[in-house]
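Heads up, the thing below is written out as structure tokens.
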Amino acid sequence: MKNITCECGHVNPEGTHLCEKCGRPLTEEEKHAKVVDMKYEGRAIRSKTYNKTIIDKIWNFFSSVKVGVSIIVITLVAAAIGTFLPQVMYVNVMQGEDAKQAYIDNYGTFGKIYYNLGLSDIYSSWWFQTLIGMLAISIIAASIDRGVPLYKSLKNQRVKRHESFMKRQRIFGEKEIAADKAEESLNLAEKKMKELKYKVRREDGVLLAEKNRFARSGPYINHVGLIIFLFGVMLRLMPGFYIDESLWIREGETASIPGMDGYYLHNNKFTFETYKKEEQKQEFNQSKAAVNSIAKNYQSDVVLYQSKDEGIAGETQDMKKVAHHAIQVNKPLKYDGYALYQMDFKLNELKAMNFNLVNKKTGKSLGEVDIDLTEPKKEYDLGSGSKVEVKGYYPTFSGFDDGEPQSDSPLPNNPAFIFKMYTPETPKGETSFVAIKQTLEPLGTTKYQMKFQNIETRNVSGLTIRKDRTLPILAIGGIIFMLGVVIGSYWSHRRLWLQRTNDGRLLLAAHTNKNWFSMKKDLDAVTTYAHLPLWVDQQEEDEKEMEEKEGDNTL
Amino acid sequence: MSLIDLSSTLLFIAFIAYLVGTLFFGGAVKGGKKDASVSNKKWGTIAITVTIIGFIANLGYFITRWIYSGHAPVSNMFEFTTAFGMFVVGAFILIYFIYKLPSLGLFALPIAILIIAYASMFPKEVTPLIPALKSYWLTIHVITAAMGESILAISAVAGLIYLMKSVDTQKRTKSSIWLEIVMYAGVLVLGFVIVTTTFKLMDYNADFTYVDKNGATQEITYNTPALFGMHEYEMKSPDKMKPLAAMPALVNAKKLTTVVWSILFGSILYIIIRLILRKSISRAIQPLTKRVNMQLLDEVGYRSVLIGFPVFSLGALVFAMIWAQEAWSRFWGWDPKEVWALITWLFYAAFLHLRLSKGWQGQKSAWLAVIGFVIIMFNLVAVNLIIAGLHSYAG
């Protein structure tokens, strides 16, 4: 390691720009600069110093702000591309159709290309996740690379800085002054700066007033918050940390809750409401929009049970009632770290069908049959020698295949039955196929028929069950992030150096990490009060000179 | 007068006050002579007073509408965009009291005026809330996000003024051309407002039926003469203009028609302005920025990002995530609006890093601030109106 020995005798590590002790510029670049680069106080930054081994190179890659910003920009562009078409989770894919076909149907050739490039599921793609991972590494590396030297140098800063350091600050001023006057100025400055809430340190003939040093930690704090947040997000991939299940539950039904062992849910009622005409403001009624079309409420009234022992699903009386709740959108049922959300619904699902066994000719009834469509019985005894056997049940009848009735789904959307009817008159039984608005008699004309009477319906609630144990971690990350951003944004680190030189001059230099305008207001207040030298903003001077040279200044 | 009428009147008063305020700010930056500063100060005082009166009226609109509708008036395009315009003025007033820069008002107020005018083109009816919006998070999330965006918008205003002053508009450079494109975009928005208002005043309605992409027949009413017809459209209002071409089911021909009308009209307006001015708009406006201190403007631009970024992070990401967890069972779902909030956030994060570590100050920083505003407006306009998603009820 090549150390750099400053004129003041301090030995600085390789890569230092400004002497850690006195602030003298050490590099040729800084020596010739009118205003020194005050980033990280001129400390040696690892990534800017070593570039030999492979580890150096990897470290330098990830700690580079250029690389970090590039990753941010690539992520940003990729994220934007992902919004050109709805992502695959928001696309309605018909049953028996694949997602690709859905993209082609909905969005044509563009949809096909989009799907084939993998853009339809961009955010779960390996490369997008890799980008986020790289961003995380970059945040960590860059923060350590710069945060550590910055912290060290601010912690160890001396009151006295070399004149060459002060002269190269953006704000600098000097004037000749008698020794006693100088001392008086320093005293006044100390008083004023303390009034302005600066911390003042003095040594013989030198003064350092400093304020809000903690503001410099803001970026590092918010980066820590971001890393905690990203860690939390990663943790959800671990089993047990994250549960995402869904449950369709009919009114009156009790079901075990997927993902929630030992818990059962009973659905009392599902309600769907729209706004009534009188609930809407007059202005709205006058507009063309359909009055009853605005949804007001989706609500499932449920009871949550916990089974007393690890038994199987039994009757609700064997279970402990632990909560009842009206689950609405924005009002999930929360229990034991789980949350149940109102996500979907189905109105008027068929519950039961009621038939009447009648003699076709006379119309005489032999009794009624009530068929529960979720669990039809095998046989219904009507007494007096009559009974009906359910030979076949097709919840969603979709037609015949090879003479056999087919069902598309186990849900009773379009129920159909094959009945065998026994009566005293027809003891051998007659077979009839009954669907909605359709009766077939495949084995010959029958004397009796199952006459459709009425249906009973009920609503179905679609609930989502979530448990996310990473939420506290995400919350902590979020809070730390916000804290860091606020600290870094709403305060600025300001410093004022004053120094009486041996040849009878008073030097003034000031620095702030941002908001120079406010710093200058502080300076204006102190310079007149303490008879300090008039200062100039050397950067502004430069620009003015340039403007004048260009002849742009017509004032 | 009912509460809702009062609310509309207050908004109108605010609108007029902003117009008047702009003129006074114009007076505050004018004057080539060295002794202009005294009169400038007087004009500046009047201008900010008028602006504050306008802002109070604007707040009055917001509060009365809130009371009338029973929920924070940020639940649809009109309400949100108007609130955004109001917050832009609020953010300007805040920054004005830190930096006392009248030229900021000269540009911030017209932008707020355009935003509010744009908002007024959407249906103004008070509508009841759908279940997804029934939450106090609507108030918290939307208002904080809008505030953050409006403070960030002030950095774009500062950036724009910086560019006005520093870009040589007499030469044809990339910068001068892009600056003029920004001006042209502003004129296009004006074109949209004028076209929509004109046909609204004429009470233009043309009814059509069409077949949507699922094969269902739908009805639609055009409020501008139809340039493009919806998929397999049929005209129901025979005396109205016949569409020039039919569009496939994927394209919303009504919106396309409005966009094309706006571009047509805006372009004509732009040409007329150019003919009157006999120079580019940016060149014509440039003298107004002569007296500004570039260093200070650069700092204003940076400072507004610094003030706005935490507010935006809190409102558009943190609060958004909390609400999403409550309403949709997940804090993040890659919905387009969410993604564009993330994009905005990433963009300003990049802005801050470039500025801090790469020393991107001055023009570069100013351009970034303007691009940031474009992203915010894209999120407001395009994402709501074009890209369908969970947030699209706002359209």
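The values are calculated or read from the model by the stated rules, or taken from the named source; none is laboratory data. Here the structure is a predicted model, which means the values were calculated and not measured. Here Cβ is always computed from backbone atoms with ideal geometry, including for glycine, and neighbour counts include all displayed protein chains.
Here are the numbers:
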| item | result |
| --- | --- |
| Candidates B:Ala17, B:Ala28 - the one that is modelled with pLDDT under 95 and part of a helix (DSSP H, G or I) | B:Ala28 |
| Every pair of residues 6+ apart whose Cβ atoms lie under 7 Å, when the first sits in the stretch A:394-420 and is hydrophobic (A, V, I, L, M, F, W, C) while the second is assigned to a loop (DSSP other than H, G, I, E, B) | A:Phe397/A:Pro415; A:Leu411/A:Pro395 |
| Selected residue (criterion: surrounded by the most Cβ atoms within 10 Å (Cβ to Cβ)) from residues of the stretch A:455-492 that are touching an Asp or Glu at 6+ places or on another chain (Cβ under 9 Å) and within 13 Å of chain B (Cβ to nearest Cβ) | A:Leu463 |
| Which listed residue is loosely packed, with under 13 Cβ neighbours inside 10 Å and out of contact with any strand residue (DSSP E or B) (no Cβ under 8 Å at 6 or more places or on another chain), from A:Asn116, A:Asn106 | A:Asn116 |
| Pair list, Cβ < 7 Å and 6+ apart or interchain, from the stretch A:201-228 residues that are farther than 20 Å from B:Ser313 by Cβ and more than 12 Å from chain B (Cβ to nearest Cβ) to residues that are among the β-branched types (Val, Ile, Thr) and part of a loop (DSSP other than H, G, I, E, B) | A:Arg201/A:Val159; A:Arg202/A:Val159; A:Glu203/A:Val159; A:Val206/A:Val159; A:Leu208/A:Val159 |
| Single unsatisfied condition, B:Trp360 versus (1) at negative phi; (2) touching a helix residue (DSSP H, G or I) at 6+ places or on another chain (Cβ under 6 Å); (3) free of Cβ contacts under 8 Å to residues at least 60 places away in the same chain; (4) within 9 Å of chain A (Cβ to nearest Cβ) | (4) |
| Among (1) more than 28 Å from the chain's Cα centre (by Cα); (2) more than 14 Å from chain B (Cβ to nearest Cβ); (3) modelled with pLDDT of 80 or more - the single one A:Phe272 does not satisfy | (2) |
| Residue within the stretch B:164-181 that is out of contact with any Phe, Trp or Tyr (no Cβ under 9 Å at 6 or more places or on another chain), within 13 Å of chain A (Cβ to nearest Cβ) and part of a helix (DSSP H, G or I) present | yes |
| Restricting the stretch B:295-333 to residues that are under 16 Å from A:Val233 (Cα atoms) and in a helix (DSSP H, G or I), the residue that is nearest to the other protein chains (Cβ to nearest Cβ) | B:Val318 |
| From the options A:Gly314, A:Gly232, A:Gly259, residue that is within 14 Å of chain B (Cβ to nearest Cβ), in a loop (DSSP other than H, G, I, E, B) and either within 29 Å of the chain's Cα centre (by Cα) or modelled with pLDDT under 80 (or both) | A:Gly259 |
| Subset of the stretch A:100-125 (residues that are in contact with a Ser or Thr (Cβ under 7 Å, 6 or more places away or on another chain) and within 26 Å of B:His231 (Cα to Cα)) | A:Tyr103, A:Tyr114 |
| Meets criteria (over 30 Å from B:Met321 (Cβ atoms) and under 17 Å from the mean Cα position of the chain (by Cα)) for B:Gly191 | yes |
| Any hit, the stretch A:128-141, residues being outside the structural domain of A:Gln539 (by TED's automatic domain parsing) and touching a Lys or Arg at 6+ places or on another chain (Cβ under 9 Å) | no |
| Subset of the stretch A:370-388 (residues that are in a strand (DSSP E or B) and surrounded by fewer than 17 Cβ atoms within 10 Å (Cβ to Cβ)) | A:Asp370, A:Asp372, A:Glu379, A:Asp381, A:Gly383 |
| Residue in the stretch A:202-212 that is of a type in the set (A, V, I, L, M), within 30 Å of the chain's Cα centre (by Cα) and crowded, with 18+ Cβ neighbours inside 10 Å present | no |
| Tally, over the stretch A:17-50, of residues that are in a loop (DSSP other than H, G, I, E, B) and either within 26 Å of A:Gly173 (Cα to Cα) or more than 46 Å from the chain's Cα centre (by Cα) (or both) | 16 |
| Selection within the stretch A:89-116 - part of a helix (DSSP H, G or I) and either touching a Lys or Arg at 6+ places or on another chain (Cβ under 6 Å) or more than 10 Å from chain B (Cβ to nearest Cβ) (or both) | A:Ala99, A:Lys100, A:Gln101, A:Ala102, A:Tyr103, A:Ile104, A:Thr109, A:Lys112, A:Ile113, A:Tyr114, A:Tyr115, A:Asn116 |
| Residues of the stretch A:244-263 that turn out to be buried (at least 18 other Cβ atoms within 10 Å of the Cβ) and more than 30 Å from A:Glu456 (Cβ to Cβ), as a count | 0 |
| Qualifying residue in the stretch A:53-67 (condition: within 14 Å of chain B (Cβ to nearest Cβ), in a helix (DSSP H, G or I) and basic (Lys, Arg)) | yes |
| Checklist (1) within 14 Å of chain A (Cβ to nearest Cβ); (2) within 11 Å of the chain's Cα centre (by Cα); (3) not small (Gly, Ala, Ser) applied to B:Phe97, failing item | (2) |
| Matching entry among A:Thr445, A:Thr439 (being in a strand (DSSP E or B), at pLDDT below 85 and either assigned by TED's automatic domain parsing to the domain that holds A:Val390 or among the acidic types (Asp, Glu) (or both)) | A:Thr439 |
| Subset of the stretch B:118-136 that is at the interface with chain A (Cβ under 8 Å from one of its Cβ atoms) and closer than 17 Å to B:Ala324 by Cβ - its residue that is farthest from the chain's Cα centre (by Cα) | B:Pro131 |
| Residue within the stretch B:337-355 that is within 8 Å of chain A (Cβ to nearest Cβ) and closer than 18 Å to B:Val157 by Cβ present | yes |
| Which numbered condition A:Asn515 fails, given (1) of a type outside the set (Lys, Arg); (2) modelled with pLDDT of 90 or more; (3) within 30 Å of B:Phe319 (Cα to Cα) | (2) |
| Single unsatisfied condition, B:Gly191 versus (1) at pLDDT below 90; (2) more than 12 Å from every other protein chain (Cβ to nearest Cβ) | (1) |
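A quick yes/no check of all residues on (1) without any contact (Cβ under 8 Å) to a residue 40 or more places away in the chain; (2) within 23 Å of B:Ile263 (Cα to Cα); (3) in contact with a strand residue (DSSP E or B) (Cβ under 6 Å, 6 or more places away or on another chain):
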residue	(1), (2), (3)
B:Ala156	no, no, no
B:Tyr162	no, no, no
B:Lys165	no, no, no
B:Asp168	yes, no, no
B:Leu179	no, yes, no
B:Val182	no, yes, no
B:Gly186	no, yes, no
B:Val189	no, yes, no
B:Thr196	no, yes, no
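A quick yes/no check of all residues on (1) farther than 30 Å from A:Met343 by Cβ; (2) assigned by TED's automatic domain parsing to the domain that holds B:Phe84; (3) surrounded by fewer than 19 Cβ atoms within 10 Å (Cβ to Cβ):
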| position | (1), (2), (3) |
| --- | --- |
| B:Ala132 | no, yes, yes |
| B:Tyr162 | yes, yes, no |
| B:Leu190 | yes, no, no |
| B:Gln218 | no, no, yes |
